[in-house]
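The values are calculated or read from the model by the stated rules, or taken from the named source; none is laboratory data. Keep in mind it's a predicted model, so treat the numbers as computed, not measured. Methodologically, a virtual Cβ is constructed for each residue, glycine included, from the backbone with ideal geometry; neighbour enumeration extends over all protein chains shown. These area figures cover heavy atoms from the full protein model, side chains too; ligands, DNA and RNA do not enter into them. Shrake-Rupley method; radii C 1.70, N 1.55, O 1.52, S 1.80 Å.
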Amino acid sequence: MELDGLTMRFGERTVSRDIHLTLDPGRVLAIVGPSGCGKTTLLRAVAGLIQPAVGTVRIDGQAVTRTPEGVAMVFQHFGLFPWKTVEANVAYALRVSGVPKKAALERARELIRLVGLVGFEKSYPHQLSGGMQQRTGLARALAVRPRLLLMDEPFGALDAQTREVLQFEMLRIWQDHPVTMLFVTHSIDEAVLFGDQIAVLNGRPSGIAELIDVSLPQPRDRSVLATAEFLAIRERVWNLIMTGQRD
Amino acid sequence: MHASRPGKRLLAAVVSAVGLLFGLGVWQIVGQRDPVLFATPGRSAEALLVLTEEGSLPSALLASGTLLVIGLILAIVAGVGFGLLLSRAKLLRTSTDWLIFAAQSVPIVALAPIILSAFGFGLPAKSLVVFLTAVFPIVVNTAEGAHRVPTTLLEVARTYRSSEWHLWKDLLLPHTVPYAMTGIRQGIAMAFVGTLAAEFFLNASGVGGLLLAASTNFDSATVLGLTLLVSVLAVGLMSLGRAVERYFARWRAVEE
Ligand SMILES: Nc1ncnc2c1ncn2[C@@H]1O[C@H](COP(=O)(O)OP(=O)(O)O)[C@@H](O)[C@H]1O
Ligand SMILES: [Mg+2]
């Protein structure tokens, strides 16, 4: 995936300008920045939901005009269909791409097991906690075996504890099913925890303040939180964001 | 939350029963004081029985029922269809919005004589009156619902490259049906009014005709009996609508 000089505008207002980023297969790029700096907007452009004012999004060399096949997105507010059960929500991803019902449900059950929702297949979203709803959202996105997974603050709408549980569970899932991932978050910890590389967004309109390589070994787990490198990178990102806030 | 629901229902049933008994009691007392204007419940029931025996009530119910069902079905089909169309065609919506609201604020019942004389007083013309009284709440509610499809869900559909067919099946229809059902329930109530109004004019027919005849004869027993009968039928049909609405909205969080 490649963002080539992206400038995002809403009417007269420029949200972000001149964003250049590359994400190589199998890697995780974290984008971190304060709320309202244009992270979701950027991700929506990558998904082909909106078009940039300037610049091009390319995925596997192809300019994106609509969501390419094999690109899946996990939404901050889950984006589940309230009238569908958990398994129907997960199967939806496959049903719309023409997979027969039986095969789709089978694969859905597989993913429901993967995200730890066995026993809730027939529940409706409103009967589930936020954490369980996002597990469903994750299962749906993974169901299509995406070659690029777009994460829009996937744990941002959850309480602190659930958030932590899901972060580490996501790391575990990612180890078993590695997928190229663009991970957007406003949590610095989360960015360092997931990213092979971190793009720090700041300023108004926002731009990339710095690209930081994270050499913490993958697979990661809770223990990296206490390493010197984790703390050092975290500090650096924090300083970059704070500099952006001041101007 | 769930445990208290049967309790609440029982309470609601008791309150309605008490209200009904109280109403009947008042009616009986007033009826005994002023037998000409207000026949007693007993005499009203008797009047209905007589009408049933001589066959005019069953045939009137059949005639009115036919009229109501034809008008209502047309209103549902056209109302839901047009409402959905409005949601997907912005130009159509902005250009017809004012028309719908204007039409909705006109009492169609008052126009019934004009419509009937223009279209010939037969079943088609009468059905048209019922249709027109019932269709607007259905269009408005359906369009409102379809218009409020959450944008996030539309984006979800787009990221999964949903076809137009899947968009309707998985998103637009399931989201809109509960709204349409609300409109249909209002439409049912309106259709009752429309049916009676359509039957009142020139060649009076059906239950409306019976009501009109009884009322010109100062036969208060029949008028009150028929009125009550119509109300009971309307309430029954609307509860049916409510049940269907609940069924289609069963995925919603428990609402009170
Ligand atoms: N559809 C839109 N129309 C106009 N402005 C928008 C729209 N979506 C987002 N914005 C504005 O763009 C800015 C960036 O929004 P967003 O990308 O959601 O930020 P983030 O995801 O980083 O919190 C915000 O100031 C927001 O108000
Ligand atoms: Mg956002």
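Does A:E69 count as away from chain B (no Cβ under 14 Å) and open to solvent by 40 Å² or more (accessible area, probe 1.4 Å)?
no
Among the residues of the range A:223-245, write down those that are of a type in the set (D, E) and surrounded by 18 or more Cβ atoms within 10 Å (Cβ to Cβ).
None; the set is empty.
Checking B:A221 against (1) modelled with pLDDT of 90 or more; (2) in a helix (DSSP H, G or I), which single condition isn't satisfied?
Condition not satisfied by B:A221: (1).
So that you can scan it fast, the table gives a plain yes or no per residue for (1) within 12 Å of chain B (Cβ to nearest Cβ); (2) touching a Leu at 6+ places or on another chain (Cβ under 9 Å); (3) charged (D, E, K, R):
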site: A:E87; (1), (2), (3): no, yes, yes
site: A:A93; (1), (2), (3): yes, yes, no
site: A:V99; (1), (2), (3): yes, no, no
site: A:R107; (1), (2), (3): no, yes, yes
site: A:V115; (1), (2), (3): no, yes, no
site: A:V118; (1), (2), (3): no, no, no
site: A:S123; (1), (2), (3): yes, yes, no
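Give me the residue from the range A:26-44 that is over 15 Å from A:I208 (Cα atoms) and more than 13 Å from ligand 2 (Cβ to nearest atom) and, out of that set, nearest to the other protein chains (Cβ to nearest Cβ).
A:V28
Just to verify a result, which residue in the range A:43-70, among those that are within 28 Å of A:L216 (Cα to Cα) and either part of a helix (DSSP H, G or I) or of a type in the set (A, V, I, L, M) (or both), is nearest to ligand 1 (Cβ to nearest atom)?
Only one residue tops the list, namely A:L43.
Working only within the range A:132-162, note down all residues that are in a helix (DSSP H, G or I), surrounded by fewer than 19 Cβ atoms within 10 Å (Cβ to Cβ) and touching a residue at least 12 places away in the same chain (Cβ under 8 Å).
A:T162
When residues of the range B:157-178 are filtered for being open to solvent by less than 10 Å² (accessible area, probe 1.4 Å), over 19 Å from B:L86 (Cβ atoms) and more than 7 Å from chain A (Cβ to nearest Cβ), how many remain?
Of the residues in that region, 1 qualify.
Would you confirm whether any residue within the range B:248-255 is in a helix (DSSP H, G or I) and at pLDDT below 90?
Taking every residue of the range B:248-255 in turn, at least one turns out to be in a helix (DSSP H, G or I) and at pLDDT below 90.
Of all residues in the range A:149-184, which are within 16 Å of ligand 1 (Cβ to nearest atom) and among the aromatic types (F, W, Y)?
Matches in the range A:149-184: A:F155, A:F183.
Considering the range A:19-42 alone, what residues qualify as being farther than 27 Å from A:P217 by Cβ and either surrounded by 15 or more Cβ atoms within 10 Å (Cβ to Cβ) or at pLDDT below 95 (or both)?
The answer is A:I19, A:P34, A:S35, A:G36, A:C37, A:G38, A:T40, A:T41, A:L42.
Which residue out of B:F201, B:F119, B:F192, B:F218 is open to solvent by less than 50 Å² (accessible area, probe 1.4 Å) and aromatic (F, W, Y)? Can you show your working first?
Values: B:F201 fails: open to solvent by less than 50 Å² (accessible area, probe 1.4 Å); B:F119 fails: open to solvent by less than 50 Å² (accessible area, probe 1.4 Å); B:F218 fails: open to solvent by less than 50 Å² (accessible area, probe 1.4 Å).
Among B:F201, B:F119, B:F192, B:F218, only B:F192 is open to solvent by less than 50 Å² (accessible area, probe 1.4 Å) and aromatic (F, W, Y).
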